[in-house]
Amino acid sequence: MFLTFLSGMFIARILGAEDFGLYGVVVSIAAILAIPSQSGFGNLIIKEVSRAAENKDYIYALNIRSWAKKRSFIISMLIAGSSIAYFLVSSRYHDNLLVYILTSLSVIFLGQNVVYYSYLKGIGRTEIAQVLEALIYPLAFFIGCIVIWFLDLFNLDGSMIIRCLSLLLVTFIGYFIVKYSSVTSDLAKKSREVETKQLNKLLIPFAFSDGLRVAQSHFFLLIVAVFLTSSDAGQFKVAQSLILFVQLPATVLITLLSPEISRLYQYDLISLKRKITRSTRFYSFITFIAFLCAYFFSLDLITLAFGSQYNIASDVLNIICFFIFVSSFFGFGDVILNMIGKGDLVLKLALATFIITIFVSILITQEYGIIGAAYSFGITLLIQRISYFFYARRYIFQS
């Protein structure tokens with residue numbers, strides 16, 4: 001996470017607010033294009049593989065991985081090809097054509113990497129998945145940025161080339177780690193073929209809920225870019241890069257909790273309740289400290305790290321940190337619901353809040369600018385957490 005922050009700081013300083021805003025926009029476009037090829041796979045793979053590993057059904061776990069890899073690759077290739085064709089045909093993208101082509105190609109690597117991360121988490125190799133996702137990729141990206149800067153080749157095109165190469169590196173490393181981390185079939189207690197129709201049925205709610213979550217997380221930056229300016233998008237992107245630190249405890253807790261929730265829900269509901277309660281309290285405490293730090297030190301930190309041209313990002317950061325702190329009291333309801341087989345409910349709730357997000361964010365952003373976008377982000381997050389908490393409590397704490 002620190003390396004991700006350093007990379008963002010470096011790019012923001014070199015490119016300036018306007019080009020950094022464009023960089024943030026194309027990264028958001030890549031994430032949205034990747035929705036069909038990766039959304040849902042993560043939660044589904046963790047859920048199915050962790051259960052298979054618990055029952056020593058290792059062949060089924062391997063079949064799940066193979067099915068997910070093939071499906072994700074085919075979908076991502078179709079999306080990448082279609083988007084590249086669109087960017088080539090449309091004249092409005094020709095000024096930064098290479099950037100948009102690389103954005104499309106990154107979708108392929110993003111989809112495969114999600115499969116590798118999730119499979120490793122499912123078989124209990126969470127620490128390896130974290131190293132791949134949170135260390136190798138940002139380290140490769142940061143080193144690559146430094147190299148092209150020394151060669152005086154650093155610009156928007158160069159940064160996207162390094163991003164694609166870093167994702168490709170993680171894909172290759174993930175492939176070999178997963179290949180040699182797999183449990184051999186002679187240890188399997190039983191084996192069964194992947195029921196494709198059943199998996200597709202299970203994948204749909206996961207895919208839509210994850211897709212809506214990803215779309216929402218990048219939606220605000222795109223709204224700022226569309227209704228305001230690229231410079232405002234750069235300000236919002238700086239605030240988002242710092243928010244990653246605030247959300248880091250949640251990311252780690254979710255990574256550790258997801259397979260545990262799936263396992264304990266079947267066998268030990270009392271232990272599951274205690275684990276969820278402790279994790280929520282810990283996360284609330286951490287976000288409170290983060291909010292205090294943001295309130296007192298955000299302006300100085302942003303000026304020091306990114307430059308005085310990004311001072312407006314301080315107000316955006318303070319607003320979002322406050323809402324993250326308040327929403328932390330309502331825990332990880334969406335993760336709980338997904339892991340206990342209520343993905344369809346998460347989908348409905350995510351869809352409802354996304355519809356609210358569209359109307360609220362457009363109206364408030366047009367009226368109040370980038371500060372309005374920050375409030376829209378926070379209000380949407382709080383509404384989501386409350387709705388997920390209400391239903392997760394019904395299934396876990398009232399059962």
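Among Ser66, Ser39, Ser83, which is the only one that is of a type outside the set (A, V, I, L, M), out of contact with any His (no Cβ under 6 Å at 6 or more places or on another chain), at pLDDT below 85 and surrounded by 19 or more Cβ atoms within 10 Å (Cβ to Cβ)?
Going through Ser66, Ser39, Ser83 in turn, the sole match is Ser39.
Out of region 328-370, which residues are assigned to a helix (DSSP H, G or I), surrounded by 16 or more Cβ atoms within 10 Å (Cβ to Cβ) and modelled with pLDDT of 85 or more?
Ser328, Ile362, Ile364, Thr365, Gly369, Ile370
Per-residue answers, yes or no, for (1) charged (D, E, K, R); (2) touching an Asp or Glu at 6+ places or on another chain (Cβ under 7 Å); (3) assigned to a helix (DSSP H, G or I); (4) touching a residue at least 40 places away in the same chain (Cβ under 8 Å):
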position: Phe10; (1), (2), (3), (4): no, no, yes, yes
position: Val25; (1), (2), (3), (4): no, no, yes, yes
position: Ile45; (1), (2), (3), (4): no, no, yes, yes
position: Arg51; (1), (2), (3), (4): yes, no, yes, yes
position: Asn63; (1), (2), (3), (4): no, yes, yes, yes
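For region 267-280, name all the residues that are surrounded by fewer than 17 Cβ atoms within 10 Å (Cβ to Cβ) and either touching a residue at least 40 places away in the same chain (Cβ under 8 Å) or closer than 15 Å to Val326 by Cβ (or both).
Across region 267-280, the qualifying residues are Leu269, Lys273.
Of (1) part of a helix (DSSP H, G or I); (2) in contact with a helix residue (DSSP H, G or I) (Cβ under 8 Å, 6 or more places away or on another chain); (3) more than 26 Å from Tyr310 (Cβ to Cβ), Lys56 satisfies all except one. Which?
Tallying (1) part of a helix (DSSP H, G or I); (2) in contact with a helix residue (DSSP H, G or I) (Cβ under 8 Å, 6 or more places away or on another chain); (3) more than 26 Å from Tyr310 (Cβ to Cβ), Lys56 fails exactly one: (1).
Need the failing condition index for Ser328 against (1) of a type in the set (S, T, N, Q); (2) over 30 Å from Tyr267 (Cβ atoms); (3) in contact (Cβ under 8 Å) with a residue 12 or more places away in the chain, just the number.
(2)
Checking the condition surrounded by fewer than 22 Cβ atoms within 10 Å (Cβ to Cβ) and either within 21 Å of the chain's Cα centre (by Cα) or not aliphatic (A, V, I, L, M) (or both), which residue from Ile14, Ile32, Ile46 passes?
Unique residue meeting the criteria: Ile32.
The values are calculated or read from the model by the stated rules, or taken from the named source; none is laboratory data. Since the structure is predicted, the reported quantities are computational estimates derived from the model, not experimental observations. Cβ sites come from the backbone with ideal geometry, for glycine too, and all protein chains shown count toward neighbours.
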